[in-house]
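Here is the structure we will look at, set down as structure tokens.
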Amino acid sequence: MKLGIAGTCTALLVAGGIGTYNLVRGLTGGATGDGRPDTARTFDPSTLSSTPPSDATAVKLTRAFLDSWSEQRFEGAAGDTDTPATATRALHSYKDGLRLKKLTFDHVESAGPSTVTPGATKVTFDVRAEVAGGTWTYPSAAAVVRSTNGVPAVHWNNSVLYPGLGDGQSLTAGKLPAGASSAKVVASDGKTDLTTFSSLRDIAATIRQKVKPKGGAAGTGVAVVDGEGAGIKTLEVFSKGRTPVIRTTIDARLQTVAEHAVTDAHLQNKPAGTVALDWSNGHILAIAHTGDDGDIAINGIKSPGSTMKIITSAALFDQAGLTADSPAPCTDSLTANSQLFHNDPGVRADPGSTLTQAFTVSCNTSFIKDGFHYLVHNGDASALHDEAVNVFGMGSWSIGGGVATTDPSIPADAQGGDQAAQFIGQGKVTATPLFMASVAATVRGVGFKQPVILPGQHQQSAPRPITGRTAGYLQTMMRSAASTGTAAPRLGGLPGVGAKTGTAEEGDHTNGWLTAYDSHTAVAALVEGGSSGVDSAGYVVRQLLTSS
């Protein structure tokens with residue numbers, strides 16, 4: 001009798017994984033009606049029972065499975081599962097990936113019916129694995145099912161190896177792979193994490209994904225990797241490495257100011273966006289925004305209103321030969337191409353106004369009259385577009401790091417009333433705070449420096465540098481607007497400041513704009529729903545200029 005049993009065992013074991021699998025089924029779960037083992041029965045995955053195995057049966061089978069696994073008898077362990085071939089490959093991968101030295105299990109206990117796998121009993125256990133670099137311990141679990149003939153099996157999926165391990169994923173130990181620990185995107189100080197600023201979290205995530213970090217050293221531990229070996233998640237750290245960093249141009253102190261400025265109480269919770277630049281080199285020092293429609297600081301494409309008069313003035317100087325003292329009569333209203341235009345409330349008519357005076361008080365009719373007269377020829381109204389592209393760098397450039405920005409637009413083929421409206425930043429003219437900050441920076445820095453968020457990034461140049469003559473006129477006009485004109489209520493008295501306000505009509509409301517510069521910084525802000533530029537965006541810009 002003993003020889004018969006031994007012979008049967010030998011035959012089954014020689015049969016490999018399936019033989020071991022069948023033997024365990026017979027000894028642990030298969031039974032005849034009177035309780036005697038029925039070694040002829042095998043697990044049939046096509047006929048699963050909806051009734052979970054008993055706690056005792058599930059625990060006994062799981063212990064047998066874990067014993068085989070710990071002894072690295074992977075075919076035997078896999079034979080205790082409902083998919084032996086898949087389990088065998090996964091168990092070998094577990095050993096190889098972790099460079100497994102020793103594996104033990106403890107606290108193998110039933111947790112009752114599984115809430116994840118229908119008709120299964122959940123069995124929990126603790127794992128202790130000696131792997132490359134250290135010892136890793138973690139809790140895990142298996143679901144035990146049974147076929148309708150009463151034979152149980154461990155339901156196989158990768159989470160048996162580690163909870164939550166997905167298909168196509170595996171485990172590795174030793175030097176942590178690239179991607180398992182994310183690089184840190186930092187400010188220009190080399191240490192302030194950009195994710196500490198709510199406005200920059202999406203930007204930091206994009207840069208981290210798109211830019212290769214510098215420095216750093218990998219630590220050791222256990223990680224989840226994908227099919228290509230790229231790190232997905234670090235599970236255990238044995239020794240800490242040095243986190244690689246990606247340095248940006250952001251000024252941490254000014255970014256903090258910007259984050260507070262866009263929530264200024266005067267804005268009454270209206271969506272706001274602001275950008276600050278170092279006008280000497282185009283480095284982006286701060287980007288902040290509020291609202292639910294994305295980052296309006298770099299993607300809020302709106303009519304810029306009277307801030308466009310900076311570019312209109314430049315076109316009048318460069319293409320029509322006017323000066324800052326050229327006549328620019330300010331009338332209460334003006335009709336151009338059959339469209340009636342008017343000034344903002346409070347702007348007094350002045351038939352003897354110069355361009356500087358019209359700019360200071362932001363007289364719309366002055367700029368429409370001069371713009372339409374000097375810059376529209378035989379229906380061709382492309383002069384403003386050309387000035388924006390050639391001198392102020394308007395176009396499709398990238399701030400770097402894969403960060404998406406929306407391009408400004410001044411159509412070269414404006415028609416009808418838009419031919420006049422463009423000169424005061426209305427019609428089909430659109431811009432972002434990023435672009436308008438760059439416009440102010442071009443004036444103060446006497447040249448376009450493409451805004452960038454990564455130091456050392458290639459910067460596109462404008463086809464034609466702004467002339468010293470034009471920049472000088474614009475600086476005079478912007479200083480006048482800041483000290484005695486429309487921007488004075490917020491910026492008057494600040495040293496070295498030049499500015500231009502803007503109030504743009506949009507549907508049934510207005511948007512407030514202001515762009516300005518001082519001795520170090522160029523700033524622009526947009527407040528959606530702002531009643532005027534000075535009484536909305538003005539509060540944002542003032543905070544940035546008084547902190548720069």
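Every number in this text was worked out from the coordinates using simple rules, so none of it is lab data. Values in this document were obtained by computation on a predicted structure and should not be read as measured data. Counting neighbours? That spans all protein chains shown, and the Cβs are built from the backbone with ideal geometry, glycine included.
General observations
- Of the residues LYS60, LYS175, the one with the fewest other Cβ atoms within 10 Å heads the list, and the complete ranking is LYS175, LYS60.
- Net charge of neighbours whose Cβ lies under 13 Å from the Cβ of PRO495, counting Lys and Arg as +1 and Asp and Glu as -1: 0
- Magnitude of the charge dipole for region 95-137, about its Cα centre and with charges confined to Cβ atoms of Lys, Arg (+1) and Asp, Glu (-1), is about 180 debye.
- Gyration tensor (alpha-carbon) shape descriptor, region 202-338, a/c threshold 1.5: prolate
- Dipole magnitude for the chain: about 1920 debye, using +1 per Lys or Arg Cβ and -1 per Asp or Glu Cβ, origin at the Cα centre.
- Kirkwood hydrodynamic radius (C-alpha pairs) into Stokes-Einstein, region 94-196, 10 °C and 1.306 mPa s, D in µm²/s: 96
- Potential lengthening between ARG128 and ASP226 on full extension [0.36 nm per residue; Cα-Cα distance subtracted]: 33.0 nm
- Neighbour counting of Cβ atoms within 10 Å sorts the residues ILE310, ILE301, fewest neighbours leading, into ILE301, ILE310.
- Rounded Å value of the spacing that divides the Cα centres of region 88-132 and region 466-506: 70
- Aspartates and glutamates with Cα under 19 Å of LYS102, excluding same-chain neighbours fewer than 8 positions away: ASP67, GLU71, GLU75, ASP126, GLU130, GLU236
- Cut-off 14 Å, label 7 Å out along Cα→Cβ of SER519, residues of region 466-504 by amide N: 494-498
- On the beta carbon distance between THR148 and THR546, with R0 = 60 Å, the FRET formula returns roughly 0.15.
- By the count of neighbouring beta-carbon atoms within 10 Å, fewest first, ARG208, ARG63 end up ordered ARG63, ARG208.
- The chain: angle of helix 84-98 to the longest principal axis, Cα-based, in degrees nearest 10: 60
- Sites SER409 and ARG242 - FRET efficiency at Förster radius 56 Å, r taken between beta-carbons, to 0.05: 0.80
- Against the chain, whose longest principal axis is taken from its Cα atoms, helix 364-375 shows a tilt of about 90°.
- Under the simplified labelling scheme, the GLN339-GLN72 pair shows an inter-label distance of 8.0 nm, with each label point 7 Å from Cα along Cα→Cβ.
- Percentage, to the nearest whole number, of Cα pairs in region 252-536 over 27 Å apart: 32
- Tilt relative to the chain, helix 309-320 - C-alpha long axis, 0 to 90 degrees, to 10: 60
- TYR138-LYS233 pseudo-label distance in nm [points 7 Å out on the Cα-to-Cβ vector]: 0.8
- Stokes-Einstein diffusion coefficient of the chain, Kirkwood radius over Cα pairs, 4 °C, 1.567 mPa s, in µm²/s: 46
- Backbone N under 16 Å from the ASP292 label point (7 Å along Cα→Cβ), restricted to region 240-283: 269-272
- Backbone HN-Hα couplings from phi across region 350-355 [Karplus 6.51/-1.76/1.60, Hz, Gly and Pro as x]: 8, x, x, 5, 9, 4
- Relative intensity of region 381-505 on a log10 scale, I(q)/I(0) at q = 0.12, 0.15, 0.19 Å⁻¹, equals -0.51, -0.80, -1.19, per a Debye sum over C-alpha point scatterers of equal strength in the absence of solvent.
- Projecting the Cα atoms of LEU165, HIS260, ILE250 onto the charge dipole of region 118-277, computed from C-beta unit charges around the Cα centre, puts ILE250 farthest toward the positive end.
- Cross-link reach is defined here as a Cα-Cα straight distance under 24 Å, omitting same-chain residues fewer than 8 places apart; for LYS214 the lysines meeting it are LYS175, LYS184, LYS191, LYS233, LYS240.
- Per residue, the average separation of C-alpha pairs within less than 8 Å and at least 6 apart gives the chain a relative contact order of 11 percent.
- Spatial separation of Cα centroids for region 298-318 and region 146-167, in angstrom: 66
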